[in-house]
Amino acid sequence: MAAVLYTAAVLFAPFAGAGTSSPTYDLEVAFDIPRARVIGTAIIDLPVGTELSIDLGDLRVIRMTNGDERIAPDEWPSGMLEVQVQGILRIQYEGTFSGQKLDVIDADKILLRGTWYPVAEGTYRFRLRATVPADFTAVSEGDRVDRTEARGEATYAFDLPYPQPEWAGITFVASRLWASRDATYRDVPLSVHLLSRNAPRLDETVRQAQRYLQQLEALLGAYPFKRLVVVENPVGISYSLAMPTYVLLSQRSVAADAAEDSALNHEIAHSWFGNAVLASYVGGNWAEGLTAYFSDHLENERLGRAWQRRQRMMAANQSFVVGRANVPLSSFDESHDRASNIIGYAKAALVVHMLRREAGDEDFFAAMRSFLTENLYRQASWAELRKAFERTTATDFSGFFRQWVEGTATADLGLEGVSASSVGKKHELRLTVVQKGPVLALTVPLTIYFENGRSTKKSLKVSGQRNSFKFALEQRPVRIVVDEDYDVLRRLTIAEVPPMIATLMARPRVTIIGTSAEQAKFSSLIGALDKEGAASALTGEHREWTRRAPIFKSGAVPRSDAKPPQRVIARSTESTAAIAGKRSSLILLGEHEPLIRLLFGRLQLPDAGLSLVVLKHPRSPGDFVAVFRAASKSEVDGAAEKLVDRPRYTSATFSGGKLTSYELKNGDRGISRNIPAVRR
């Protein structure tokens with residue numbers, strides 16, 4: 001096939017109406033699609049004398065001028081370029097992106113997110129002009145977009161009037177594979193582009209986007225940009241992204257049920273947190289935690305299941321962060337493994353929830369709106385968030401932020417001395433809340449249940465190792481529960497830990513048991529568990545894998561059969577009964593594994609391509625047992641990575657690699673004590 005070069009005029013005419021508050025970065029690109037090549041011209045306008053570092057990555061400079069001076073080719077180093085600005089800096093360049101990394105240019109699609117243009121240090125007002133084949137639709141950051149067409153090519157001009165630091169920069173995605181729908185939300189143009197196979201989902205995606213915008217506007221104020229585009233990524237990357245004015249959804253998120261994958265809600269919330277107000281990485285990135293709270297968490301609150309979500313978030317923090325990779329929120333910059341993901345998303349969201357309880361709903365949402373208004377289109381830190389709350393509430397939050405943002409502690413609570421006695425016509429309740437770990441300043445919710453079925457709530461101010469309380473009550477209490485809604489970031493008791501794959505994966509010792517045939521069938525799942533490829537049991541965000549010590553699997557168990565099959569256990573000399581009673585979490589492969597009957601009696605898993613259930617170990621408190629059943633190795637291979645990538649299920653079934661059903665079970669709710677009746 002002869003190469004066809006899609007190009008625009010070589011000479012670049014700057015956009016009119018350049019902003020004066022920030023340096024401007026004008027970029028014009030065209031594409032040699034058969035060669036997977038971008039050809040571009042960058043024009044950077046900075047004050048004369050500025051010392052500038054430019055990251056060229058793998059780009060090749062064709063021609064460069066610095067003011068009136070043309071820089072000779074032998075002065076163009078690869079990688080990083082250091083320049084003292086003499087005037088307008090013009091860089092003509094080209095780069096090849098054939099898909100070996102995340103960026104790709106091919107006959108059907110273009111995705112450019114990395115160093116696809118010379119990345120100059122600093123903050124700029126970006127404007128992009130991109131020319132693509134006329135049957136491509138193109139999307140990039142821009143409040144205003146103009147499209148012109150001539151000679152089989154379409155030229156898009158994107159104007160983003162909000163300064164962007166170099167680490168945010170601009171991105172570009174285009175494809176000929178999309179089906180599209182145009183709509184509005186209030187006076188904001190709203191466009192949705194999904195791969196053609198998902199065209200039946202266009203209207204529902206529009207409705208979801210409109211609903212999420214409405215919910216977020218009611219809490220945070222007006223949508224901060226002049227347009228919104230929702231795009232299905234034409235490249236099969238497993239996570240979604242949000243940029244100013246557009247959302248790039250993963251193919252998995254588009255195909256999933258909205259109740260299972262809330263990526264659209266999450267990424268639209270980033271319009272306020274992370275895009276309209278950029279997170280300053282000095283002192284910690286707050287954007288993911290606030291986004292997770294105002295999307296995933298509040299959606300669960302709307303559905304009446306927020307406490308379950310917070311319980312799972314605390315379980316993840318307890319399993320993968322506490323005592324392992326415990327760093328303060330003020331040190332979180334971005335997710336690079338499971339622990340950092342939990343810190344930046346789950347732990348941060350839990351701290352935001354505690355902040356809401358300390359401030360009260362009215363002041364909390366007012367302070368959030370104030371924070372957004374005061375820092376719109378600028379970088380802000382946790383310190384700016386604290387200032388917004390202190391101005392709104394006239395309250396000193398320095399202790400709160402020092403403890404939860406700059407500190408690493410997780411509360412560890414217990415109950416002692418719970419009793420009730422009759423005092424005249426009243427009932428006196430006594431209890432002591434114990435801090436078993438570090439002593440923190442806490443507001444701990446207490447729910448008191450009475451014999452007539454009613455209940456009342458109290459707030460306990462806890463600041464010591466032992467904190468005693470006494471209440472005079474009109475009715476006889478029969479049960480109390482500390483923190484039944486998981487409003488305090490704390491360690492869960494053994495009874496509270498929910499049974500799910502993620503909890504089991506975090507055990508220091510996991511024993512896998514199965515016949516040779518079952519081991520072979522589940523080899524891909526065993527490998528995925530060894531790598532611990534799951535990024536988060538809570539947002540589904542995928543990050544780079546990180547390894548830990550491999551799951552222990554060696555030895556054999558003697559069987560009474562004439563030809564005992566090979567099995568994977570902790571010690572080759574132990575009996576089945578001995579293994580069942582040992583303190584160790586287990587993974588049992590195959591529905592005919594004898595340990596299933598020994599531990600649980602009759603247990604029947606659904607007839608599916610792959611099915612699983614996670615149960616609490618009946619003989620070893622704090623440990624778990626997962627039972628897997630599969631029709632074939634191909635069914636395991638199709639589902640293994642997806643299962644480990646989102647390991648929050650208590651039970652699930654897969655068919656042909658697709659999740660067909662799932663259940664999320666909770667642990668016991670709160671730290672509970674029954675109060676015996678007082679003998680008269």
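The values are calculated or read from the model by the stated rules, or taken from the named source; none is laboratory data. None of these values were measured; they are calculated from a predicted model. Virtual Cβ from ideal backbone geometry, glycine too; neighbours counted across all protein chains shown.
Would a scan of the stretch 197-205 turn up a residue that is surrounded by fewer than 24 Cβ atoms within 10 Å (Cβ to Cβ), in contact (Cβ under 8 Å) with a residue 60 or more places away in the chain, over 24 Å from Arg646 (Cα atoms) and among the hydrophobic types (A, V, I, L, M, F, W, C)? Looking through the stretch 197-205, none of the residues is surrounded by fewer than 24 Cβ atoms within 10 Å (Cβ to Cβ), in contact (Cβ under 8 Å) with a residue 60 or more places away in the chain, over 24 Å from Arg646 (Cα atoms) and among the hydrophobic types (A, V, I, L, M, F, W, C).
Has the stretch 336-356 got any residue that is surrounded by fewer than 16 Cβ atoms within 10 Å (Cβ to Cβ), under 21 Å from the mean Cα position of the chain (by Cα), assigned to a helix (DSSP H, G or I) and touching a residue at least 40 places away in the same chain (Cβ under 8 Å)? Looking for residues that are surrounded by fewer than 16 Cβ atoms within 10 Å (Cβ to Cβ), under 21 Å from the mean Cα position of the chain (by Cα), assigned to a helix (DSSP H, G or I) and touching a residue at least 40 places away in the same chain (Cβ under 8 Å), one finds none in the stretch 336-356, hence no.
Among the criteria (1) buried (at least 19 other Cβ atoms within 10 Å of the Cβ); (2) over 13 Å from the mean Cα position of the chain (by Cα); (3) not charged (D, E, K, R), the one Val282 does not fulfil is (1).
In the stretch 261-273 there is at least one residue that is in contact with a Lys or Arg (Cβ under 9 Å, 6 or more places away or on another chain), on the phi < 0 side of the Ramachandran plot and modelled with pLDDT under 95. Given the structure, is Thr155 in a strand (DSSP E or B), of a type in the set (S, T, N, Q), under 18 Å from Ile110 (Cβ atoms) and at pLDDT 95 or above? In short, yes.
For the criterion of being closer than 27 Å to Pro189 by Cβ, without any contact (Cβ under 8 Å) to a residue 24 or more places away in the chain, aliphatic (A, V, I, L, M) and outside any loop (DSSP other than H, G, I, E, B), Ala218 passes. Of the residues making up the stretch 266-289, those that are in a helix (DSSP H, G or I) and more than 11 Å from Ala380 (Cβ to Cβ) are His266, Glu267, Ile268, Ala269, Glu288, Gly289.
When Ser611, Ser620 are checked against the criterion of being of a type in the set (Gly, Ala, Ser), under 19 Å from Leu504 (Cα atoms) and outside any loop (DSSP other than H, G, I, E, B), Ser611 stands alone in meeting it.
Here's the yes/no breakdown for (1) surrounded by 15 or more Cβ atoms within 10 Å (Cβ to Cβ); (2) under 28 Å from Ser253 (Cβ atoms); (3) among the hydroxyl-bearing types (Ser, Thr, Tyr):
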{"site": "Gly609", "(1), (2), (3)": "yes, yes, no"}
{"site": "Pro621", "(1), (2), (3)": "no, no, no"}
{"site": "Ala639", "(1), (2), (3)": "yes, yes, no"}
{"site": "Leu643", "(1), (2), (3)": "yes, yes, no"}
{"site": "Tyr662", "(1), (2), (3)": "yes, yes, yes"}
{"site": "Gly670", "(1), (2), (3)": "yes, no, no"}
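Any residue in the stretch 64-77 that is buried (at least 19 other Cβ atoms within 10 Å of the Cβ) and outside any strand (DSSP E or B)? Scanning the stretch 64-77 turns up no residue that is buried (at least 19 other Cβ atoms within 10 Å of the Cβ) and outside any strand (DSSP E or B). Close contacts from the stretch 460-488, counting a first residue that is over 13 Å from Asp412 (Cα atoms) and a second that is small (Gly, Ala, Ser), with Cβ to Cβ under 6 Å and a gap of 6+ residues or different chains, come to Pro477/Ala420; Val481/Gly670; Val481/Ser672; Glu484/Gly670.
Ile105 meets the conditions (1) surrounded by 14 or more Cβ atoms within 10 Å (Cβ to Cβ); (2) closer than 24 Å to Ala154 by Cβ; (3) within 31 Å of the chain's Cα centre (by Cα); (4) at pLDDT below 95 in every case but one. The failed one is (4).
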